[in-house]
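*Asks:* Handing you this structure, nothing more for now.
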Amino acid sequence: MSVATSSQPMMTRRYWMAVSAGSAAIAAAGFVPQGLAQPRVKVARILTGYMPGLPDAAARLVAGQMREYASSMVVETRPGASGRVAVEAVKYASVDGSVILFAPLGFITLFPHVYKTLSYQPQDFIPVSTVASSANVLTVGPKVPGDVRTLGDFVAWCRANPRDATYGTAGVGTSLHFIGAMLGRMAGFEFVHVPYQGRAAAHDVQKGTIASAILPIGSTLGLVEAGALRALATTGPHRSLFLADVPTMAEAGYPELQDVTWFGFFLPAKTPTDIVESLDGGIQEALRADEVKSGMAKLSVEIDAISKGDFARLIASESDRWKTIVQATGFVPTD
């Protein structure tokens, strides 16, 4: 909030009448000066479906720059059922723009293919915009000999040591799980999946309990930079800004193993178009703020804004792609 100084003009009655008349004329023409614009809603709640971590932190970064969308932005974590608790809450929320979902796209592109039943459908939500994306990285630790420096080396080692060919991820039915399963399938070896919660797999790789892990770059970056883990390949379409010396899966010979996690904002279906556009505008403006740019870099994610129509097309193509991958692994959907 700005503070008045002695250089400001005296606020006479004539001055206020002139300002009021000018504002009325501008409003009548359909324009509202930025300084006089009123927030779309009084209090907006952004729901995330996980314990405090990357989604929560990214949501707070963007929310802090959206003052013109809402007078107050509140980020609420509603963990449970792999994020589905928050998703279901937004499905039944008011369509006045006061309740927003912030989530990785997996709930709408992957979950329909790994769960037998879901209490929601993709059409229950309006995709507004992505804000950031993150690739994953395959790392190995002391269980794997030090001369294994590339993905090709690791595949050869796994074939020669089938009892030790293990990989940890953040859970069964995640994209990380399926990337590992497809790597084993395509490279011709049995890659044994060891599911963990969160980033715990990285610590067991470091201790030598398991051979490798496939996790978001931010979950293992510090350990890689410290030399505790070796990064063999990342899953993005291009080399990561944070691991520029590490080749992609495509460069290592496995272009099919691309996996990027996008984080985006969603509104309940039937939310009026003007509210959707207002939220989208607020998001795009927030992503231009230096605080958001530097904050996302600290989280080891890249700003990646895909809004409205392009976002909907991304969801459709990713859903088709993951359906094919899940079926190829022989995974049986669970309850």
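*Asks:* Might you check whether a residue that is part of a helix (DSSP H, G or I), under 29 Å from residue 296 (Cα atoms) and either among the hydroxyl-bearing types (Ser, Thr, Tyr) or free of Cβ contacts under 8 Å to residues at least 60 places away in the same chain (or both) occurs anywhere in the stretch 144-167?
*Replies:* no
*Asks:* Looking at 126, 100, can you tell me which residue is in a strand (DSSP E or B), open to solvent by 10 Å² or more (accessible area, probe 1.4 Å) and within 16 Å of residue 270 (Cβ to Cβ)?
*Replies:* Checking each option against the conditions leaves just 126.
*Asks:* Hey, among the residues in the stretch 226-260 that are among the β-branched types (Val, Ile, Thr) and more than 21 Å from residue 103 (Cα to Cα), which one's surrounded by the most Cβ atoms within 10 Å (Cβ to Cβ)?
*Replies:* Checking each candidate, the answer is 234.
*Asks:* Tell me which of these residue 195 doesn't satisfy, since it passes every other one: (1) open to solvent by 30 Å² or more (accessible area, probe 1.4 Å); (2) within 20 Å of residue 246 (Cα to Cα); (3) under 22 Å from the mean Cα position of the chain (by Cα); (4) not polar (S, T, N, Q).
*Replies:* Every condition holds for residue 195 apart from (2).
*Asks:* Can you tell me which residues in the stretch 103-121 are in a helix (DSSP H, G or I) and either over 28 Å from residue 217 (Cα atoms) or among the aliphatic types (A, V, I, L, M) (or both)?
*Replies:* Taking the stretch 103-121 as the starting set, the residues that turn out to be in a helix (DSSP H, G or I) are 106-109, 111-114.
Within the stretch 103-121, 108, 114 qualify.
*Asks:* A further question follows. Please go through the stretch 201-229 and pick out each residue that is under 26 Å from the mean Cα position of the chain (by Cα) and without any contact (Cβ under 8 Å) to a residue 12 or more places away in the chain.
*Replies:* Once the filter is applied, which keeps residues that are under 26 Å from the mean Cα position of the chain (by Cα) and without any contact (Cβ under 8 Å) to a residue 12 or more places away in the chain, the stretch 201-229 yields 203, 222, 225, 226.
*Asks:* Suppose we keep only residues that are closer than 19 Å to residue 146 by Cα and in contact with a helix residue (DSSP H, G or I) (Cβ under 8 Å, 6 or more places away or on another chain) within the stretch 206-225. Which one would you say is surrounded by the most Cβ atoms within 10 Å (Cβ to Cβ)?
*Replies:* The extreme case among them is 213.
*Asks:* Further, regarding this structure: Go through the stretch 261-276 and report how many residues are open to solvent by 20 Å² or more (accessible area, probe 1.4 Å) and under 16 Å from residue 311 (Cα atoms).
*Replies:* Total meeting the criteria: 4.
Yes/no per residue for (1) surrounded by fewer than 20 Cβ atoms within 10 Å (Cβ to Cβ); (2) at pLDDT below 95; (3) assigned to a helix (DSSP H, G or I):
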{"position": "286", "(1), (2), (3)": "no, no, yes"}
{"position": "291", "(1), (2), (3)": "yes, no, yes"}
{"position": "294", "(1), (2), (3)": "yes, no, yes"}
{"position": "309", "(1), (2), (3)": "yes, yes, yes"}
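*Asks:* Going through the stretch 40-76 one residue at a time, which ones are of a type outside the set (Gly, Ala, Ser), assigned to a strand (DSSP E or B) and surrounded by fewer than 17 Cβ atoms within 10 Å (Cβ to Cβ)?
*Replies:* Within the stretch 40-76, 42, 43, 74, 76 meet the criteria.
The values are calculated or read from the model by the stated rules, or taken from the named source; none is laboratory data. Keep in mind that what you see is a predicted model, and the values were worked out from it rather than measured. Using ideal geometry, Cβ is built from the backbone for each residue, glycine included, and neighbour counts are taken over all protein chains shown. Each accessible area value is taken on the protein alone, full model and side chains, heavy atoms only, with ligands, DNA and RNA left out. Shrake-Rupley method; radii C 1.70, N 1.55, O 1.52, S 1.80 Å.
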